[in-house]
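Comments concern the structure below.
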Amino acid sequence: MVAESEIDAVVIGAGVVGLASARALARAGYETVVLELHGAIGTEVSARNSEVIHAGIYYPKGSWKAELCVKGREMLYDYLESHRLPYRKCGKLIVATEDAQLGELEAIAKRAKANGVADLRELTGAEARAMEPALRAEAALLSPSTGILDAHSYMLSLQGEFEDAGGVIAFHSNVTRVTREGETFLVHVEGAEPMTLRTRIIVNAGGLWAPSLAARIEGLDAAHVPTPRFAKGNYFSLAGRAPFSHLIYPVPEAAGLGVHLTLDMGGQARFGPDVEWIEVKEGSEPDYAVTPARGDAFYAAVRRYWPELKDGTLAPAYSGVRPKVNAPHEAAADFMISGPDAHGLPGLVNLFGIESPGLTASLAIAERVKEMAGA
């Protein structure tokens, strides 16, 4: 006999956005359960990224990514500071390494200003090299409000505040389907303790698996479920210390921001991600192995802005997979935050394509999710 319980809200997925959304609901007084497929929080997209706090520079004006990144960045810095969590506002340089990229650099500056990023500085090549002598640059943009954080510490804090507000996380919980009964949803869960949860609010924060989860929600028109696509990003680490104190980003490329140099909280440099479109069968795990041979392309990409990178100094580090809602030949898509106004099911919010800058925007996304869910 499968036990049935009634709950105010169910959040599917304990990544950073799921945790932030669950925290927002619980702190608003809603009895909330998080259902997580794996045995720990944030094991997929949230744990496999650059851990960068983005300023909100690249995204089209009026997009979810632009609005929620700019708002979320300030919310995140305030949260990290008030909770005494590790972060560093180290700044980053966006670098044009040849004259042909100067126009794109100018376009990025205009886009940032339109998004409300007011602190971006335009630098000549000489000014950029004065800041970072090892850098090759014809010109650059300095983003002082870009930073880095320890993503796991942040997620643990969100989990703690969610649980302090009465929330519960059920690990090893596989949502097999969601049915409708009157004005409520019935969430059917397999796992160590199979159960059915009756609720009026569902937040689908399933990350890589959000589209497949949405396809199992009774009454949701298939037109509101995007085709899931997966873009693997590989990272390589540097042996020894890098001669940079800022993050270094080349001018963006298709599907990503290029092979950039980021630093972790210990000062270790890593390069990535590249873009490798892959197939992932539902119910299986992505192949996270980093092929050493991909390092050849990394050396070529990095040497455009750091010519003195030595052979043999890059080693495979880790990889992550971005939950894409656009095809490889299409322009990068915006976040898809699909609420009742779009699909017509009160209380349901689906989050699709929550890749970068989802970590930065997490607290702002959570506030929007709470509003959309009618909480």
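Quick note: the coordinates plus some simple rules give every number you see, no bench work behind them. Everything numeric here is computed off the predicted structure, so don't read it as measured data. Cβ sites come from the backbone with ideal geometry, for glycine too, and all protein chains shown count toward neighbours.
Distance cut-off 18 Å, Cα to Cα: go down the list Lys232/Lys324; Lys65/Lys113; Lys281/Lys324; Lys61/Lys113; Lys71/Lys324 and report the pairs above it.
The answer is Lys71/Lys324.
Relative contact order of the chain, please, whole-number percent, based on alpha carbon pairs below 8 angstrom and at least 6 residues apart.
Relative contact order comes out at 24 percent.
Could you give the distance between the Cα centres of segment 196-273 and segment 1-63, to the whole Å?
Each part's Cα centre sits 14 Å from the other's.
How much length, in nm to one decimal, is gained on full extension between Ala134 and Lys310, taken as 0.36 nm per residue of separation minus their Cα-Cα distance? The partial results should precede the final answer.
On the way: separation 176, 0.36 × 176 = 63.36 nm, distance 1.26 nm.
Using 0.36 nm per residue and subtracting the Cα-Cα distance, I get 62.1 nm.
Tell me, what is the FRET efficiency for Met265 and His329 to the nearest 0.05, using R0 = 56 angstrom and their Cβ-Cβ distance as r? Walk me through the intermediate numbers first.
Working: r = 37 Å, r/R0 = 0.66.
Once rounded, the FRET efficiency stands at 0.90.
Going by alpha carbons, how many degrees (0 to 90, nearest 10) lie between the helix axis of 102-114 and the longest principal axis of the chain?
40
Along Cα→Cβ, 7 Å out, is where each label goes; now give me the distance between the ones at Glu31 and Ala300 in nm to one decimal.
About 6.0 nm, to one decimal.
Taking the alpha-carbon distance from Lys89 and a cut-off under 15 Å, which aspartates and glutamates remain once sequence neighbours fewer than 8 residues away in the same chain are dropped?
By straight Cα distance, Lys89 reaches Glu51, Glu74, Asp78, Glu81, Asp119, Asp150, Asp264.
Cα atoms only: what Rg and Dmax, in Å, come out for segment 22-162?
Gyration radius and largest Cα-Cα distance of segment 22-162: 18.2, 57 Å.
Write down the percent of antiparallel bridges among all DSSP beta bridges whose residues are both part of the chain, to the nearest 5. Present the calculation step by step, with values, prior to reporting the outcome.
On the way: 50 of 73 bridges.
Just about 70 percent of them are antiparallel.
With viscosity set to 1.002 mPa s at 20 °C, what whole-number translational diffusion coefficient in µm²/s follows for segment 168-247 from Stokes-Einstein and a Kirkwood radius over Cα pairs?
Roughly 135 µm²/s, to the nearest whole number.
Tilt of helix 64-82 relative to the longest C-alpha principal axis of the chain, in degrees (0 to 90, nearest 10)?
The answer is roughly 90 degrees.
So, R0 is 35 Å and r is the distance between the beta-carbons of Glu285 and Glu98; what FRET efficiency does that work out to, to 0.05?
Details: r = 40 Å, r/R0 = 1.14.
The formula returns an efficiency of 0.30 here.
Using the alpha-carbon centroid of each, what span in Å lies between segment 332-370 and segment 127-180?
16
Rounded to the nearest 500, what is the chain's calculated 222 nm mean residue ellipticity when only DSSP H runs of at least 4 contribute -39500 (n - 2.57) each, over all residues?
-8000 deg cm²/dmol
Candidates [x] 21.4; [y] 18.2; [z] 26.7; which is the computed mean projected area of the Cα convex hull in nm²?
Only one listed value fits the structure, namely [y].
Using Cα positions and a limit of under 24 Å, work out the lysines in reach of Lys310, with same-chain residues fewer than 8 apart set aside.
Candidates past the 8-residue exclusion: Lys92.
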